[in-house]
Amino acid sequence: LHGPATGVKEDLQRYFRLETPLAPLYEEWSRADARLAKIANAIPGVRILRQDPLECMMSFICSSNNNIPRIAKMISSFRETYGTFMMEIPTRRDGEDGGIAMRIFSFPTLASLANATEDELRGLGYGYRAKFIIETRNLLVECGGNDFLLNLRTRQDSAAVQAELTKFSGIGRKVADCIALFSLDQDDAIPVDVHVQHIASRDYDPTVLGEAKSITPTIYKRVGDLFRERFDSYPGWAHSLLFVAELPSFRGILPADVVREMDEWREHEQRKKQEKKEESKKAKAK
């Protein structure tokens, strides 16, 4: 928004990763998964961005046990408090100019975060995440700052990148893989949560969770491997397309049979949970 106009096209191409054509990938993934083929026809154009690593890292720390509106509010206050003011954008109300102008701030740099304190962040509403941000900032500076993160982009082993990132406060396996996939070019990183585990159990291996009540490290890796084994090229991108399809906002454009499968699976899982609860109650009553 501010700065030289030269190089903007190249910057945007890098950010949107336009050097990677989607059409051949969609075709390859569709050959590997008939269900994905139906989704691909309904949701074209899902691609992974190349985000700034520091911004991605701090934003995902804020996302822990949080909802999207609150995450957006926290990141906005982070920018306004520690970033640099860039410009105001006029807003429109009911088709007419007017209203409060939107103030745009850059994302903070490590240098601009140098004097941030845990108490200050808690005062901004970050809660326990304030400690994670300060400790991550300190360790990142010790490791070499942005150069350390950019060096991770050159690594060819997403598991090794995950291991490096989980050394930082507030970053577990899933958040590490999100950072790796969305900012560090680790295209076979598979962020696994309960939603992704449901996709893997429903579509690829119903035994993947077994009798476990949560996603253990072994199950986490196995779920990721199910995607990596099925999709040879850019499995993290294919995983993201399947994840997007599960979001309620895309439900209306998906084929009816895909939606029906989702609903039937959800009902099946709910019945299983209810049956287990009833069995547990009976066992305690004996």
Next on the checklist: Let me check against my output: what whole-number percent is the relative contact order of the chain, with C-alpha pairs under 8 Å and at least 6 apart?
Outcome noted: 18
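Take the solvent-accessible surface of the protein heavy atoms, probe 1.4 Å, and return the percent of it on the chain that carbon and sulfur atoms account for. Don't skip to the end; give the middle numbers.
Working: 8740 of 16330 Å².
After summing per-atom areas, the C and S share lands at 54 percent.
Take the Cα radius of gyration of region 84-236 and divide it by 2.2 N^0.38 Å, with N its residue count; two decimals is plenty.
Values: Rg = 20.0 Å, N = 153, 2.2 N^0.38 = 14.9 Å.
Expressed relative to 2.2 N^0.38 Å, the Cα Rg reads 1.34.
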Checklist entry - Given 5 Å bins starting at zero, what is the percent of C-alpha pairs of region 157-286 in each, up to the one with the largest pair distance? => result 2, 10, 17, 19, 18, 14, 10, 6, 3, 1, 0, 0
Item to check | Label-point gap, in nm, between Glu19 and Lys273 - each point 7 angstrom along Cα→Cβ | outcome: 4.4
Checklist entry - Among the lysines, which fall within straight-line cross-link reach of Lys73, defined as a Cα-Cα distance under 30 Å, with same-chain neighbours fewer than 8 residues apart omitted? => result Lys9, Lys131, Lys167, Lys174
Checklist entry - In the set (i) 23.7; (ii) 21.5; (iii) 18.5, which value of Kirkwood radius over Cα pairs in Å was calculated from the structure you see? => result (ii)
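When the helices in the chain are scored as -39500 (n - 2.57) per DSSP H run of 4 or longer and the sum is shared across all residues, what 222 nm value do you end up with, to the nearest 500 deg cm²/dmol? Before the final figure, lay out the partial values.
On the way: 14 runs with 165 residues, N = 286.
Mean residue ellipticity, 222 nm, calculated: -18000 deg cm²/dmol.
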Checklist entry - What does a probe at Val194 reach in region 271-286, counting residues whose amide N is under 17 Å from the point 7 Å along Cα→Cβ? => result 271-278
Checklist entry - Met102 versus Tyr128, label points 7 Å from Cα toward the beta carbon: distance in nm? => result 3.3
Item to check | Phe132, Phe16, ranked by accessible area, largest first (probe 1.4 Å) | outcome: Phe16, Phe132
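In what sequence, highest mean first, do 216-225, 49-58 appear when ranked by Cβ atoms within 10 angstrom? If you can, show how the numbers build up before the last one.
On the way: 216-225: 17.1, 49-58: 20.1.
Ranked from most to least packed, the peptides come out as 49-58, 216-225.
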Checklist entry - Just the accessible area for His195, please: 1.4 Å probe, Å², rounded to the nearest 10? => result 100
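The values are calculated or read from the model by the stated rules, or taken from the named source; none is laboratory data. Just so it is clear, the model here is predicted, and its values are computed rather than measured. Every residue, glycine among them, receives a Cβ derived from its backbone with ideal geometry; neighbour counts consider all protein chains shown. Areas reflect the complete protein model, heavy atoms only, side chains present, ligands, DNA and RNA absent. Shrake-Rupley method; radii C 1.70, N 1.55, O 1.52, S 1.80 Å.
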